[in-house]
1. Percent relative contact order of region 167-259, based on C-alpha pairs within less than 8 angstrom and at least six residues apart?
2. Please give the per residue accessible area of region 176-224, computed with a probe of 1.4 Å over protein heavy atoms only, in Å².
3. Can you give the local net charge around Val161? Use residues other than it whose beta-carbon is closer than 15 angstrom to its beta-carbon, Lys and Arg +1, Asp and Glu -1.
4. If you wrap region 200-256's Cα atoms in a convex hull and average its projection over all directions, what's the area in nm²?
Amino acid sequence: MKKKECAKIKMEASVCKKGSKGKKDDLYHVIHKVPYGDSPYVKAKHAQLVEKDPEAAIVLFWKAINAGDKVDSALKDMAVVMKQLDRAEEAIEAIKSFRGLCSKHSQESLDNVLLDLYKKCGKIEEQIELLKRKLRLIYQGEAFNGRTTRTARSHGKKFQVSIKQETARLLGNLGWAYMQKANYMMAEVVFKKAQMIDADANKACNLVLCLMRQSRYEEAYYILEEVLVGKLAGSEEIKSRKRAEELLEELNANIPQPEFMDDLGLDDDFVKGIDDLLNEWNTNRSRRLPIFEEISSFRGQLAC
C-alpha cells in the first residue's frame, strides 16, 4: 500500500513539474512573440526577436525559404529585416524572385512590403505601377481574397479595413507619388477621388499642398478650413492639426499682396501701418481668411 502511495506521489510531482515547465515555455513564447519548435523559420525568428541579431536572422530566413519552411512568412519577414539594415534593394529582388513560391493569399501582404521598399529606395515609377495594379484588383473584385474586409495591424493593434477604406488609402498614396514627380494635375485628380470615397484630414492636407503648388491659394484655403474647424475625420489628431497650421502659415506667406495699393498714391508709412495691423490680426486669430480677403473689405474706404 505504501509503495502504491509513493508511486502516486512521484507521478503527481512529475506532472506538476511538467505543467510548471509548460507554463514557463508558454510565457517565454508570448513575451518574445516567437513560435514553437526548432525549424529554420523558428530559429530565424528567435535570432530576429530574442537575440536581436538581424544578420543571423537573414541567413536563417534564407534557409527557411530554401527548405520550404513557412516560405510566405519567411520571405516577408526577411524583407522587413533587410529594410531595417538599409538593404532595401536586395529585399526587392528577393521578393520578386521568390514570391512565386508563396501562396495566393500572401501576395497582397507581399505587395504592401514591396511598396514600403520602393518608398525607401525612392522608386516613384515602381510605386505608381504597383498602386495602380492594386487598385485594378479592387475594381476587378479580386482584392482581399474576395472578401469585403480584411484584418490589418498597426502599432501592435488589429482592426478591420473595408474595401472602401483601402481604395481611398491607395488613391491617397498614388496621389502622393504623383506629387513626388511634380505631376500636380494628376495628383489633384487622384486626391479628390480619394476624398470622395473616404474623406479625412491627412488627404485633405495633401490636396491643399497640391493646390498650393499650383498657386491656387483660395481653393486651398477653403479645403484647409475644413480641417481647422474639425469637419473631417482625424482633424482632432495633434499631428493633423499641426500640419494644417503649418500649411496655413505657408499659405498666407505665399498669397500675393494686393496690387491696388500701388495705384493709390499712398505713402510707405501708411501702407506699412495697414500691413502691421493685418499681421496682428493674423497672429491673434490664426483661422482668419487669407490676407487678400482681409483687405478687400477696406478697398472702398482706401480708394476714397
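1. Details: 102 pairs, mean separation 21.0, N = 93.
Contact order relative to length: 23 percent.
2. On the way: 2210 Å² over 49 residues.
About 45 Å² of surface per residue is accessible.
3. Values: positive: Lys134, Arg147, Arg150, Arg153, Lys157, Lys158, Lys164, Arg169; negative: Glu108, Asp111, Glu166, Asp198, Asp200.
Local net charge: +3.
4. Values: hull surface 12.7 nm².
With every direction weighted equally, the projected area is 3.2 nm².
The values are calculated or read from the model by the stated rules, or taken from the named source; none is laboratory data. Computed from a predicted structure; not experimentally measured. Neighbour counts are summed over all protein chains in view; Cβ atoms, including those assigned to glycine, are modelled from backbone coordinates with ideal geometry. Side chains are part of the model used for accessible areas, which takes the heavy atoms of the whole protein and leaves out ligands, DNA and RNA. Shrake-Rupley method; radii C 1.70, N 1.55, O 1.52, S 1.80 Å.
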